[in-house]
Amino acid sequence: MTSLKSALQGRLGAFLSEPIEGLPEEAAVVAPSTLDEAAVILTLASKHTLPVLVWAGGTHQGLGGRVDPAIVLSTARLNTIVDWQPDDLTVVVEAGVRVADLEERLAERGQTAVLPEVPGDGTVGGAVAGGISGFRRLRFGPTRDRVLETDLVTGDGRIVRGGGRVVKNVTGYDLPRLAAGSLGSLGLIGRVCLKLWPLPQETRTVTLPEPRPDYGYRPLAVVEEPDRVLVFLAGTPAEMDARTAELGGRCERGLLWPGQPEGAIRLSLRVVPRLLREALTRIPSSWGYQALPGVGEVRVGASSFQLESFRELRHWAEGHGGALVVTDAPAEVYELVDPWGTPPASMDLQRRVVARFDPDRVVNPGRLPGSL
Amino acid sequence: MTLVQELRDLLGDERVLSDPLRTHVYGKDAGIRRGEVLAVVLPASTAEVVALVGIAARHGIPVVPRGAGTGLAGGTVPTSPSLVVSLTKMTHFDVDVESRSAWVEAGVLNLDLSEHAAGHGLHFAPDPSSQAACTIGGNVANNSGGPHCLAEGTTVNHVLAVEVVTARGEVVVLGGEAPDPIGLDLRGIVVGSEGTLGIVTRALVKLTPNPPAARTLLADFARVEDAAATVSGVIAGGIVPAALEMMDRLMTTAVERFVGAGFPTDAAAVLLAEVTGHPAAVEAEADLIRAVAESNGAGRVRVAADEGERALLWKGRKAAFGAVAQTAPDYYLHDAVVPRTRLVEVMAKVYEIADRFDLAMMNVFHAGDGNLHPLMAFDASQDGVMDRVQTAADELVEVCVAAGGALSGEHGIGLEKRDLMPLVFSQADLDAQARLAEAFDPDGLFNPEKVLPAGSRCFDLGRPVPAGTWI
Ligand SMILES: Cc1cc2nc3c(=O)[nH]c(=O)nc-3n(C[C@H](O)[C@H](O)[C@H](O)COP(=O)(O)OP(=O)(O)OC[C@H]3O[C@@H](n4cnc5c(N)ncnc54)[C@H](O)[C@@H]3O)c2cc1C
């Protein structure tokens with residue numbers, strides 16, 4: 001055991017947790033059960049400039065630059081549904097609550113937080129911090145649009161609340177929106193209030209043999225795969241009958257969400273929606289994909305990393321206002337390419353903002369573009 | 001050279017106003033406060049904005065961005081002699097029909113954009129009642145809402161990118177056309193920042209397809225609380241209508257005198273509800289709303305028979321504030337928001353406050369969002385009335401905050417509610433917001449003294465654990 005690890009274990013003994021598989025042994029793993037405890041941990045880390053990796057469900061750790069942590073901060077003990085107001089369509093949850101568990105609870109009263117549909121062990125905090133959206137963003141917008149309030153433990157250990165527990169709010173700067181997708185760069189997102197939606201009365205999954213220019217008025221979601229198209233519909237029974245008749249194809253009851261494309265290499269190609277069709281013609285035929293028309297994202301899966309094809313595609317995407325992002329891959333890939341690509345022109349401003357929350361840059365350092 | 005001379009060299013005489021007779025109107029918005037204007041500039045391009053920001057910075061003069069001046073919270077009212085930057089000459093826009101988006105310059109009027117997009121079956125979803133007059137820049141700066149924001153969300157949900165000129169004179173595009181732009185979402189923080197973080201010169205906005213079908217219902221109630229209970233009941237009942245607006249009797253009476261929209265003036269309150277979507281869906285949803293209304297004691301429930309009747313009802317709703325202006329010389333329009341489960345009790349308290357302060361209180365508001373707009377009509381020339389109005393307004397805010405609400409749902413904090421911020425945020429929360437603002441504008445030259453109360457930035461916050469407690 002390194003002396004740093006044992007010193008940390010001595011200091012943070014009250015919060016120690018089981019080691020997490022696949023993480024460097026040298027790191028001390030802590031799991032605070034309150035935001036105050038998290039603040040103590042981050043204050044300490046900041047004071048001694050010790051890199052902290054926030055670990056939630058572990059489903060999206062492939063996003064962004066690699067972190068070599070001294071401390072792993074697990075959100076496993078921040079796992080309470082704090083306040084659910086079904087009649088107001090809002091819920092307050094701690095970061096470590098699993099998406100699947102939350103959605104199951106909400107479904108008991110016919111509601112959904114519209115979080116990713118195939119979450120695995122993914123947590124609410126992870127989805128918010130990663131800016132991860134599900135297929136239904138076509139109809140309901142990205143996850144960040146539903147984050148009403150956040151309690152953030154900043155990199156230097158302050159507890160900061162922003163937003164509020166109401167569905168419409170312009171009281172002060174919109175910190176929840178800044179936190180959504182911040183990937184830990186501001187600190188730990190400890191607790192969030194989310195806006196909910198009623199679950200539809202009925203749902204259908206329609207399978208079509210090939211893409212179409214139009215799938216009717218605002219379907220719930222559309223996923224185009226290499227050999228089929230899935231159209232997801234939601235609404236009243238009469239509407240379901242009318243819409244499935246309009247679309248044709250093979251119709252099944254319920255929402256049969258597809259799993260991720262196969263392969264250890266996962267990429268996210270993001271383009272102006274108008275260019276989606278062209279983007280698909282540029283993807284090597286050995287790659288699997290899920291294209292989201294209207295959104296402009298293509299989720300790619302490949303079994304091996306083809307550097308040349310990757311570079312060409314990234315060059316094209318960036319040249320057209322988009323990006324090609326590595327969302328998961330074996331470690332070697334991160335040594336070959338930057339997972340984000342060319343950093344945005346606003347990096348200087350981004351650095352200034354991050355410095356106001358995490359001045360010593362200890363939480364997930366290097367996760368953001370530009371190694372920020 | 002003087003400030004004005006330098007600005008004239010940049011923009012020409014026509015686009016720099018310094019004659020007090022011409023600058024006077026720029027000292028005020030649609031609220032009740034006034035401030036002092038040094039000069040007004042009307043830039044026509046982002047490059048001109050950059051140049052004039054540089055000039056103002058060299059002279060150490062505060063810069064106050066301004067759209068149409070329809071704001072209600074004093075957001076564009078200078079707190080010290082300032083350079084007002086009016087964006088109203090920047091009115092160009094480009095629609096990308098296939099991607100359903102448009103690059104829009106800040107001075108474009110909200111309604112002009114939607115009317116143009118209508119030709120492509122699209123519209124810009126945020127529809128403030130002031131949409132015929134207010135600018136996209138103002139909408140972005142205030143994160144404005146409108147009746148149809150209940151299902152579609154407010155401006156921030158419809159802005160994909162902003163081009164901003166910061167106080168340092170940088171031009172940055174935040175956000176982008178492709179989904180999930182990489183890096184921090186600074187777009188989301190500029191939206192709603194009320195001109196304090198930068199001047200928005202252009203925005204890339206999302207356009208929404210026009211619904212193929214709509215049903216608009218008008219339900220009337222003998223008691224305000226029954227209307228409020230209907231709102232809570234509809235939301236709890238599993239549908240989120242496109243719009244769910246409430247008006248009380250004083251308001252419907254004023255509107256009827258003004259535009260004759262067909263609102264019943266014998267009811268204590270009316271609800272205006274709209275459902276939109278697939279033709280096969282709207283009927284069932286309208287039936288559901290009708291059923292909830294009737295179970296809460298609604299009198300008549302009328303469905304607009306055609307597009308003409310629907311348009312008239314909405315015209316009445318959106319003309320409400322204009323109508324009030326006919327009935328009293330002055331009005332103070334409030335904006336606060338509460339959880340929708342608390343509407344019934346909060347509305348009862350709103351009327352109780354009006355009674356206690358002997359004020360004519362009218363209500364027209366975005367009930368489905370819990371977004372209240374109590375409006376006090378008065379005659380400011382009467383002795384002591386302003387004090388009563390202000391005290392009543394503060395009590396209204398306290399009632400909403402006590403119910404778990406927030407200070408503003410859509411009009412912003414501006415000057416009006418700046419000093420109330422500690423009611424909802426701790427010192428640490430306010431300090432964090434102040435630090436964030438500093439990252440954009442370290443010298444506080446852009447719209448100073450707005451949003452955050454003086455003293456928000458506390459330099460000793462940050463390390464709750466005493467130094468030297470470890471190793
Ligand atoms: C009758 C009436 C009805 C209204 N109804 C609604 C409603 O339904 N919903 C709603 O949300 N609001 C409503 N409002 C309030 C107001 O119309 C909105 O806030 C509107 O968005 C303001 O736009 P504006 O162009 O008039 O901005 P202004 O009033 O000129 O400015 C508002 C704020 O934005 C800043 N600003 C303006 N332009 C820029 C820019 N380009 N860059 C940076 N900062 C900028 C200003 O500094 C100020 O802080 C209403 C107002 C009136 C008078």
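The values are calculated or read from the model by the stated rules, or taken from the named source; none is laboratory data. What you see is a predicted model; the values in this text were computed from it and never measured. Using ideal geometry, Cβ is built from the backbone for each residue, glycine included, and neighbour counts are taken over all protein chains shown. Protein only, heavy atoms only, side chains kept; ligands, DNA and RNA dropped before computing areas. Shrake-Rupley method; radii C 1.70, N 1.55, O 1.52, S 1.80 Å.
When the residues of the stretch B:88-117 are filtered to those that are in contact with a His (Cβ under 8 Å, 6 or more places away or on another chain) and surrounded by fewer than 21 Cβ atoms within 10 Å (Cβ to Cβ), the one that is farthest from B:T70 (Cα to Cα) is B:V97. List pairs: first residue in the stretch A:2-29 and open to solvent by 60 Å² or more (accessible area, probe 1.4 Å), second residue in a helix (DSSP H, G or I) and at pLDDT below 85 anywhere in the structure, Cβ distance under 9 angstrom, at least six positions apart or on different chains. As it stands, the answer is none, since no pair meets every condition given. Counted as qualifying within the stretch B:118-194 are the helices (runs of 4 or more DSSP H) with 2 or more residues that are surrounded by fewer than 24 Cβ atoms within 10 Å (Cβ to Cβ), more than 8 Å from the ligand (Cβ to nearest atom) and not hydroxyl-bearing (S, T, Y), namely B:149-152.
Among the residues making up the stretch A:245-276, those that are among the basic types (K, R) and exposed (fewer than 15 other Cβ atoms within 10 Å of the Cβ) are A:R250, A:R253.
Tallying residues that are within 16 Å of the ligand (Cβ to nearest atom), within 14 Å of chain A (Cβ to nearest Cβ) and either of a type in the set (D, E) or without any contact (Cβ under 8 Å) to a residue 40 or more places away in the chain (or both) within the stretch B:329-346 yields 1.
Residues in the stretch B:102-117 that are among the aliphatic types (A, V, I, L, M) and away from chain A (no Cβ under 13 Å) were compared, and the one that is farthest from the ligand (Cβ to nearest atom) is B:A117. Would you mind stating whether B:L415 is facing chain A (nearest Cβ under 7 Å), among the aliphatic types (A, V, I, L, M) and touching a residue at least 60 places away in the same chain (Cβ under 8 Å)? Spelling it out, it is not the case that B:L415 is facing chain A (nearest Cβ under 7 Å), among the aliphatic types (A, V, I, L, M) and touching a residue at least 60 places away in the same chain (Cβ under 8 Å). All conditions in (1) in contact (Cβ under 8 Å) with a residue 12 or more places away in the chain; (2) at the interface with chain A (Cβ under 8 Å from one of its Cβ atoms) hold for B:A434, with the sole exception of (2). Among the residues of the stretch B:211-231, are any in contact with a His (Cβ under 8 Å, 6 or more places away or on another chain), within 13 Å of chain A (Cβ to nearest Cβ) and closer than 30 Å to B:E105 by Cα? Yes, there is a match, as at least one residue in the stretch B:211-231 is in contact with a His (Cβ under 8 Å, 6 or more places away or on another chain), within 13 Å of chain A (Cβ to nearest Cβ) and closer than 30 Å to B:E105 by Cα. Considering the stretch B:281-296, the residues that are under 31 Å from the mean Cα position of the chain (by Cα) and more than 10 Å from chain A (Cβ to nearest Cβ) include one that is surrounded by the fewest Cβ atoms within 10 Å (Cβ to Cβ), namely B:R290. Residues of the stretch A:246-262 that are more than 10 Å from chain B (Cβ to nearest Cβ), under 30 Å from A:Q201 (Cα atoms) and not in a strand (DSSP E or B): A:L247, A:G248, A:G249, A:G254, A:L255, A:L256, A:W257, A:P258, A:G259, A:Q260, A:P261. Based on this model, can you work out whether B:F357 counts as in contact with a Phe, Trp or Tyr (Cβ under 9 Å, 6 or more places away or on another chain) and either away from the ligand (no atom under 14 Å from the Cβ) or not assigned by TED's automatic domain parsing to the domain that holds B:A151 (or both)? When the stated conditions are applied, B:F357 does not pass them. Report yes if some residue within the stretch B:30-48 is within 14 Å of the ligand (Cβ to nearest atom) and within 18 Å of B:S144 (Cβ to Cβ); otherwise report no. Yes: one or more hits.
Summed over the stretch B:347-381, residues that are within 14 Å of chain A (Cβ to nearest Cβ) and out of contact with any Pro (no Cβ under 9 Å at 6 or more places or on another chain) total 5.
The residues in the stretch B:66-101 that are within 12 Å of the ligand (Cβ to nearest atom), of a type in the set (K, R) and over 21 Å from B:C134 (Cβ atoms) can be counted, and the count is 0.
Among the residues of the stretch A:189-241, those that are more than 13 Å from chain B (Cβ to nearest Cβ), among the hydrophobic types (A, V, I, L, M, F, W, C) and within 22 Å of A:E297 (Cβ to Cβ) comprise A:L194, A:V206, A:L208, A:A221, A:V222, A:V223, A:V229, A:L230, A:V231, A:F232. If you check B:R58, B:R15, which single one turns out to be more than 12 Å from the ligand (Cβ to nearest atom), basic (K, R) and within 30 Å of B:A117 (Cβ to Cβ)? Of B:R58, B:R15, the one residue that is more than 12 Å from the ligand (Cβ to nearest atom), basic (K, R) and within 30 Å of B:A117 (Cβ to Cβ) is B:R15.
Among the numbered conditions (1) within 30 Å of A:T43 (Cβ to Cβ); (2) modelled with pLDDT under 95, the only one that A:L349 does not meet is (2). Taking (1) closer than 23 Å to A:G126 by Cα; (2) open to solvent by less than 40 Å² (accessible area, probe 1.4 Å); (3) touching a residue at least 60 places away in the same chain (Cβ under 8 Å) in turn, A:D36 satisfies each apart from (2). Only one entry in B:L272, B:L288 is within 17 Å of B:L150 (Cβ to Cβ) and either modelled with pLDDT of 95 or more or not hydrophobic (A, V, I, L, M, F, W, C) (or both), namely B:L272. With a requirement of 3 or more residues that are under 30 Å from A:Q350 (Cβ atoms) and within 16 Å of the ligand (Cβ to nearest atom), the strands (runs of 3 or more DSSP E) lying completely within the stretch B:197-305 that satisfy it span B:199-206.
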